[in-house]
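The values are calculated or read from the model by the stated rules, or taken from the named source; none is laboratory data. Fair warning: this is a prediction, and the values are worked out from it, not measured in the lab. For neighbour counting, all protein chains shown are included, and Cβ atoms are generated from backbone atoms with ideal geometry for every residue, glycine included.
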Amino acid sequence: MPSLEAIIEPKAPKTPPKPSTRRKPAKAPPAKTRRFGAALVGYIAANDWWFGGAAAAENIRPIYATFAAGEGAMRPFLANLRLGLRAIVQPYHDPLQWGNAPSGYLELLRSGGYQALEQRVGSGPDGPLLLSTLYLPTVCTLDPGLIDPAAVAFVALTPQWWIRTQQALFYADRAAVAAVAAHIQALGLLDAPRPAGGPRWTLDELLALVPQAVHTVTYLERRTTRPLLNTAAFALQLWLAGLERGLFTLAHPVAAGTRTPLYRPGQSDPADRWHWARHTTPRYQTFWAYGVADLGLAEPVACHTTHTLVDTFLAAQVQRYFAAQATAAGDHLPGAAAALPSAA
């Protein structure tokens, strides 16, 4: 991935007032000559999930963005960014050389209610190095507090470190692994092709998805009045079915500073095994991400639908779950737990 930076350029000087005959001509205020910048790690945008995104035109208004810089450079950069000054996204270049054409622009709406997280990751010649993340809690928070009566909407961001931790705990519970594996087999997913074709699912791959599935389904559970079955097998079933049927969607990868997906709707990157889960309804086309791996996140998952559709979907999935459980009641998948690489 190329190195990119976000730069806030100095403002041009204001036009001086018209001279008056009663006093000396006013001087134009001096221009702010300092520029502020930080390395752009990555960002996620979900325009239709909040009021500020719907009005975005040329500028990208992220719901989640991470920057890296020395502490001395980070403080003024974030202060100016949070004041609403837009940052130019461009490939990094030596200031003594010619600049590069901007790739796009990032902007934080002052009324958006962004919150910040900071992490010191080392030290450099200019002092401590900071990773600073700005995010919209109204969109990204696991527990919204109150259920929105109008819609079920969220963006689930699952950290990779959390997935690894939960996978270790899950694999250590041999009974839990066997139960999920038996349910996968009863659903007919084992060695079945992915939606829209592609490589067949493997047991290891499906079991590794359990932590993110549980995390995403918890977002859903906090936003509906319907009770959800509290099992890992149901969470995995619900997550995969939601992605396949368009209740959930994965973010469309974009180039930095742009809102244009790297491939057009109906097309896909041959290396992308999740292209079938990146849905192209008008709303879901405004869910973009750049630099997800560098952000330390799994594929972002979003949902924006009605309570009626969620209720119908949940009712069908509960019936499907109990039907699969009945099929698996007397069965056991031989060696399911032992097949896991991490369980060896």
Residues (within 16 Å of LEU4 (Cβ to Cβ) and surrounded by fewer than 22 Cβ atoms within 10 Å (Cβ to Cβ)) located in the range 60-76: ALA68, ALA73
Subset of the range 110-144 (residues that are at positive phi and modelled with pLDDT of 90 or more): GLY113
How many residues are within 22 Å of HIS307 (Cα to Cα), surrounded by 13 or more Cβ atoms within 10 Å (Cβ to Cβ) and of a type outside the set (Val, Ile, Thr) when one looks only at the range 149-163? 5
Inside the range 194-213, can you point out the residues that are in contact with a Phe, Trp or Tyr (Cβ under 8 Å, 6 or more places away or on another chain) and either outside the structural domain of GLY242 (by TED's automatic domain parsing) or in a helix (DSSP H, G or I) (or both)? LEU207, VAL210, PRO211, GLN212, ALA213
Only residues that are of a type in the set (Val, Ile, Thr) and without any contact (Cβ under 8 Å) to a residue 40 or more places away in the chain: list them for the range 311-325, please. THR312
So ASP48 ticks every box in (1) modelled with pLDDT of 90 or more; (2) buried (at least 19 other Cβ atoms within 10 Å of the Cβ); (3) out of contact with any strand residue (DSSP E or B) (no Cβ under 6 Å at 6 or more places or on another chain); (4) not small (Gly, Ala, Ser) but one. Which box is left unticked? (2)
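Output the number of residues of the range 196-221 satisfying the condition of being in contact with a Gly (Cβ under 9 Å, 6 or more places away or on another chain) and surrounded by fewer than 17 Cβ atoms within 10 Å (Cβ to Cβ).
So the count comes out to 0.
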